[in-house]
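I have placed the structure first, in the form of structure tokens, so that the comments after it can refer back to it.
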């Protein structure tokens with residue numbers, strides 16, 4: 001039983017254009033660009049079948065976006081307006097320019113940017129914590145809505161802040177990482193609830209913008225380092241649901257095509273470096289991407305090697321289930337507790353992969369003031385633990401983040417290696433011809 005949730009941010013608004021803080025102010029309206037982008041979202045989502053419900057914020061910039069999207073459905077339920085989708089409440093900053101707030105209230109603005117979970121405003125002589133309140137609002141929305149839509153698809157159209165908190169509260173990202181999730185105007189996100197609110201939730205994708213003509217979200221600032229984290233293309237063993245681990249299986253023909261599609265996606269990217277796990281499947285994927293960047297040499301890093309599945313390697317999932325039924329069940333439910341027989345555990349993988357990632361960020365992020373961009377091509381388990389670490393999650397959240405074969409995630413460090421990363425996009429697969437959903441090998445391991 002899976003509830004698939006498609007989350008959209010409203011189109012560009014008049015306040016967005018003016019760099020003004022909106023919050024719950026309802027004066028901001030869609031611009032012509034915002035309406036045009038909403039049409040593009042509608043043309044994509046209108047192709048979905050059996051959408052059970054469409055929810056939207058009551059604020060007019062989101063409601064108008066929702067009305068445009070709704071018009072593209074041949075048969076869809078009526079729009080359900082929910083106060084649970086209202087934007088973050090910033091009463092003392094609404095209708096003010098961001099730059100003016102930063103200049104006039106530097107300490108408060110710095111706290112908002114660096115420690116959003118600690119930021120508060122004095123409202124009616126009481127401390128109001130906007131991010132913490134919004135996080136609770138998001139949790140309450142899920143508790144109300146998800147039980148009504150088991151095994152259905154629903155669409156949500158709301159705002160930057162509440163979308164961040166919906167995603168964060170669903171998969172366990174702490175409020176401290178509020179600014180680490182990007183939400184572009186009219187972007188698309190996909191969450192998969194595997195049961196009730198308390199059960200596992202998978203982030204299938206974050207901040208898709210390809211339907212708007214932007215294959216990769218633009219960086220917030222033209223400084224720091226941008227890392228394009230790529231999972232290798234499909235192998236025959238991925239397709240068969242056979243555990244690979246450190247057995248060096250090459251790409252199959254579909255995997256090579258996925259690599260070529262990733263190369264097309266990144267063709268126009270100005271790459272400064274390229275790094276890969278030394279194993280065949282990521283190395284071949286990286287080399288296909290570099291066919292458009294022949295001036296770069298490929299650096300190989302052992303810390304990016306895939307998890308060792310030990311005695312499971314080379315076995316099909318049914319074979320593992322027969323020989324290790326309890327351990328496989330534990331791997332699927334509490335992977336952080338599993339020691340692979342004669343292999344690794346996730347903590348060991350986490351430690352080396354995150355250390356390897358931090359080494360890359362440090363090496364590549366301190367050389368100049370201009371933004372530097374590079375690819376890092378690795379594996380399912382490696383990419384998942386890196387993304388979990390960047391989102392402030394733990395080893396126990398391993399299954400909360402999806403990585404499709406040939407998928408691309410975009411991570412920026414706008415404040416340099418000492419600042420928190422911004423997850424601009426996670427698990428982009430639109431270049432693989434799958435639309436907004438990841439339809440790569442379901443049994444990939």
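Where a number appears in this text, it was derived from the coordinates with a stated rule and is not lab data. Model, not experiment: these values are computed from the prediction. Cβ coordinates were reconstructed from backbone atoms using ideal geometry, including for glycine residues, and neighbour counts include every protein chain displayed.
Some notes on this structure:
- Where only C-alpha atoms are counted, convex hull volume of region 216-321 per residue in Å³: 119
- Computed label-point distance, nm, for sites residue 74 and residue 124 using a 7 Å Cα→Cβ extension: 5.0
- Alpha-carbon Debye profile of region 225-432, log10 I(q)/I(0) at 0.08, 0.11, 0.14 Å⁻¹: -0.26, -0.49, -0.80
- Radius of gyration and Dmax over the Cα atoms of region 52-105, both given in Å: 15.8, 50
- Dividing the alpha-carbon radius of gyration of region 93-201 by the rule-of-thumb value 2.2 N^0.38 Å gives 1.21.
- The simple Förster model, with R0 at 45 Å and r as the Cβ-Cβ distance, assigns residue 89 and residue 339 a FRET efficiency of 0.45.
- Using R0 = 25 Å, the C-beta based FRET efficiency linking residue 82 and residue 2 works out to 0.70.
- Entry note, region 225-432: relative contact order of 31 percent, from Cα contacts under 8 Å with a spacing of 6+ residues.
- Per-pair calculated FRET efficiency, R0 = 35 Å: residue 97 and residue 300 via Cβ, rounded to 0.05: 0.15
- For the chain, the fraction of alpha-carbon pairs in successive 10 Å shells from zero, as %: 4, 21, 31, 26, 14, 3, 0
- Sum of -39500 (n - 2.57) over DSSP H runs of 4+, divided by residues of the chain (222 nm, nearest 500): -10000 deg cm²/dmol
- Computed Rg/Rh of region 3-212, alpha carbon atoms with Kirkwood Rh: 0.96
- Angle between the chain longest axis and helix 280-289 axis [Cα atoms, degrees, rounded to 10]: 50
- Kirkwood Rh and Cα Rg combined as Rg/Rh, region 1-109: 1.05
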